[in-house]
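A.B. asks: My questions all concern the structure below.
The values are calculated or read from the model by the stated rules, or taken from the named source; none is laboratory data. Here the structure is a predicted model, which is why all the values come from computation and not from measurement. Note: ideal-geometry Cβ built from the backbone for every residue, glycine included; neighbour counts use all protein chains shown.
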Amino acid sequence: MISPAPRRRTPSLLVLAVAVALAGGSGVSFTTFAAPQADAVKAESKAQTLNRLYGEYWEELLRLNPIQATFQGDPRYNDQLPNFLTEESRRENHAFTERWLRKIETIGDKGLSGQDLLSYEIFVKNAKDSLEGEKFPGYLMPIDQFTNLGGLAAQLGSGTNAQPFKTVKDYDDWRARGSKLAPIFDQAIANMREGMRTGVVQPKALMTKVLPQFDALIADKAEDTLFWGPIKKLPATFSDADKARITAEYRTMIEKEIMPSYRRMREFIAKEYLPACRDTAGMGDLPNGQAWYAFNAYQSTSTRLQPAEIHQIGLGEVARLHGEIRKVMEQVGFKGSMQDFFKYVNTDKKFEFASEDALLAHYRSIEATLEPGLNRMFNLKPQAGFEIRPIEAFRAKSAAGGQYQSPSEDGSRPGIFYVNTYELPSRKTWDSEDLFLHEAKPGHHFQLAIQQELKGLPNFRRFGGETAYIEGWGLYSETIGKELGVLNDPYMYFGMLQNELWRSIRLVVDTGFHSKGWTREQVIQYMLENSATSETDAVAEAERYMAIPGQALAYKTGQLKITELRARAEKALGTRFDIKAFHDEVLKDGSVPLDVLDAKIERWISGQKKT
């Protein structure tokens, strides 16, 4: 999965975009040719106008959302942190979206083609979806164990994440930004109290997990907090006066401002909020919850598949993958049931790492093993650097097994594959190659870094994205592991099947939670009975689906589409099919809705037949 850096999601696009682009090549007589030529000039001017407006839009967006700018590597707003939870902020964002939608629609799409039409349609759909989503009051549930404001602030303020700490100005920027945390915490408490009054509250099981997250971050002395990290690493080039001033200011900020706000939030959750939280798990128990979940599913999959349809697709894939796992059991000579096999791979010591260092060294060796295969199957590769790091201890307990964070635009921060080393025996060797394929290469690091490096696209496309496309590409990357030269060991191949099974199970249990009323215990039991997951992972994943409903549907939906398109291209082109060219075509325009990807590949297939 992608690390929870702020990333503005890009919604679906009408098939009309590609249909109009394809229509541009039809033959015409000389007498009718002059008008299209004039129209082409107008379209070029219109495209230039729209691209200028997209640039202005993005600049205004970064001012409204300075955290987005920070993660993007843009330092201009590193001292700013608006209170995005206030009603005033919601009104401002509504007005911003509505105003820019009017501006772009006033220009219109007539005469546009190719990338210009694609950008127009994505922008308009993005804005309309954003406005539609405003009717669902997510701001009343601003904190859970997965998206915790306290954890994000600690990541930024620790000196090991996107917030830079290299110059005196960098240190002053965080001092200014850190001083704005307390009002946001207080607004979060006010919003949660409103949610208590209106019945929009988190499941109790999630908020129970939030308390130890806060406990791990709260300390009496500044030196004992993660926020002291930048002071420990004060550059030697700073003057003695600056060192003394910054140290004193940070001590005051941490002990008098940040820690008190963390304690207020922790006390509120423990004494007021938890008793008011619901015992149920799914969105169906919230006001208008079924419609809310259907909207989330649409946002995540970029399809109009209904939750009941998605549930059935998941059940079918679970059955298919169980059949493939039985073949592996035969290959390794395992005697017993599938449940016995699941227990064996989860409990036998030979599938464990000896230490955290051994785990990290193993992942780095996978990168080297993959290089020849990547060269064989990909022309298009990212220029950005790449690193492997362990997930920070304070958030590891509730984090997934691996996460990817995109590089900064200026290249100062590489793409980072975060590996979870918490409860080391639960991190299995057979899971490693598959996880690397998804989160690192050729998964998220290839797709997201390449997208950022596409200089011809508007920034809202370079830094936005369709969840189904992004996560679908990650899961597709797992399925081509054997072609890339890994997954040759049957247990490693089982790891790929297990993780594809896991994504299929997500279709079943996410819809089970939120449209069928399944309990947390039902979901955990289903996962344990139907996969080789550990109880640790099953609990963390179940609670993740409770915290971000619908997001887990994106992976398998997107992978099924990309796999289907490759099979279609291979059948249509036969010996003329070029896997490098196919991967280039999928990646070269960045993230797009799945229906647009389908039309784009159809167009590419037609073009390949003519060459």
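A.B. asks: Can you confirm whether A127 is hydrophobic (A, V, I, L, M, F, W, C), in contact with a Leu (Cβ under 6 Å, 6 or more places away or on another chain) and outside the structural domain of P230 (by TED's automatic domain parsing)?
C.D. replies: Numbers: hydrophobic (A, V, I, L, M, F, W, C): yes; in contact with a Leu (Cβ under 6 Å, 6 or more places away or on another chain): yes; outside the structural domain of P230 (by TED's automatic domain parsing): yes.
The answer is yes for A127.
A.B. asks: Take H445 and tell me if it is out of contact with any helix residue (DSSP H, G or I) (no Cβ under 6 Å at 6 or more places or on another chain) and crowded, with 24+ Cβ neighbours inside 10 Å.
C.D. replies: Spelling it out, H445 is indeed out of contact with any helix residue (DSSP H, G or I) (no Cβ under 6 Å at 6 or more places or on another chain) and crowded, with 24+ Cβ neighbours inside 10 Å.
Results for (1) under 30 Å from L217 (Cα atoms); (2) of a type in the set (D, E); (3) assigned by TED's automatic domain parsing to the domain that holds E541, shown as yes or no for each residue.
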position: E60; (1), (2), (3): no, yes, no
position: S89; (1), (2), (3): yes, no, no
position: S113; (1), (2), (3): no, no, no
position: L117; (1), (2), (3): no, no, no
position: Y120; (1), (2), (3): no, no, no
position: I143; (1), (2), (3): yes, no, no
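A.B. asks: Go through the residues of the stretch 328-339 one by one and say whether even a single one is surrounded by 16 or more Cβ atoms within 10 Å (Cβ to Cβ) and touching a residue at least 60 places away in the same chain (Cβ under 8 Å).
C.D. replies: yes
A.B. asks: Answer with yes or no whether V20 is exposed (fewer than 13 other Cβ atoms within 10 Å of the Cβ) and at pLDDT below 50.
C.D. replies: no
A.B. asks: To continue, here is another question. Being part of a loop (DSSP other than H, G, I, E, B) and either under 25 Å from S302 (Cβ atoms) or among the acidic types (D, E) (or both), is that true of even one residue in the stretch 571-579?
C.D. replies: Yes, because at least one residue in the stretch 571-579 is part of a loop (DSSP other than H, G, I, E, B) and either under 25 Å from S302 (Cβ atoms) or among the acidic types (D, E) (or both).
A.B. asks: Of the residues that sit in the stretch 386-411 and are over 18 Å from D357 (Cα atoms) and among the charged types (D, E, K, R), which one is surrounded by the fewest Cβ atoms within 10 Å (Cβ to Cβ)?
C.D. replies: By that ranking, first place goes to D410.
A.B. asks: Need a quick list: helices (runs of 4 or more DSSP H) entirely within the stretch 138-237 having at least 2 residues that are acidic (D, E), touching a residue at least 12 places away in the same chain (Cβ under 8 Å) and within 17 Å of Y273 (Cβ to Cβ). Can you show your working first?
C.D. replies: Numbers: elements: 149-157, 168-178, 181-198, 204-217, 229-232.
Per the criteria, 181-198.
A.B. asks: Can you tell me which of M492, M527 is free of Cβ contacts under 8 Å to residues at least 40 places away in the same chain, touching a Phe, Trp or Tyr at 6+ places or on another chain (Cβ under 9 Å) and part of a helix (DSSP H, G or I)?
C.D. replies: Working: M492 fails: free of Cβ contacts under 8 Å to residues at least 40 places away in the same chain.
Matching residue, one of M492, M527: M527.
A.B. asks: Same structure again: Among Y139, Y77, which is modelled with pLDDT of 95 or more, surrounded by 15 or more Cβ atoms within 10 Å (Cβ to Cβ) and closer than 30 Å to R413 by Cα?
C.D. replies: Details: Y139 fails: closer than 30 Å to R413 by Cα.
Answer to the selection: Y77.
A.B. asks: Quick test for you: out of L149, L118, pick the one residue that is aliphatic (A, V, I, L, M) and surrounded by fewer than 19 Cβ atoms within 10 Å (Cβ to Cβ). Working first, answer last.
C.D. replies: Details: L118 fails: surrounded by fewer than 19 Cβ atoms within 10 Å (Cβ to Cβ).
After applying the criteria, what remains is L149.
A.B. asks: Can you tell me how many residues within the stretch 265-289 are surrounded by 15 or more Cβ atoms within 10 Å (Cβ to Cβ) and assigned to a helix (DSSP H, G or I)? Break it down stepwise before answering.
C.D. replies: Residues of the stretch 265-289 that are surrounded by 15 or more Cβ atoms within 10 Å (Cβ to Cβ), as a first pass: 265-266, 268-270, 273-274, 276-278, 280-286, 289.
Applying the additional criterion that residues be assigned to a helix (DSSP H, G or I) yields 265-266, 268-270, 273-274, 276, 283-285, 289.
Qualifying residue count, the stretch 265-289: 12.
A.B. asks: Keeping to the stretch 204-215, report how many residues are surrounded by 18 or more Cβ atoms within 10 Å (Cβ to Cβ) and either within 16 Å of A540 (Cβ to Cβ) or not assigned by TED's automatic domain parsing to the domain that holds I254 (or both).
C.D. replies: 6
A.B. asks: Go through (1) within 28 Å of K580 (Cα to Cα); (2) touching a residue at least 60 places away in the same chain (Cβ under 8 Å); (3) not aliphatic (A, V, I, L, M) and name the single condition G415 misses.
C.D. replies: If we test G415 against (1) within 28 Å of K580 (Cα to Cα); (2) touching a residue at least 60 places away in the same chain (Cβ under 8 Å); (3) not aliphatic (A, V, I, L, M), just (2) comes out false.
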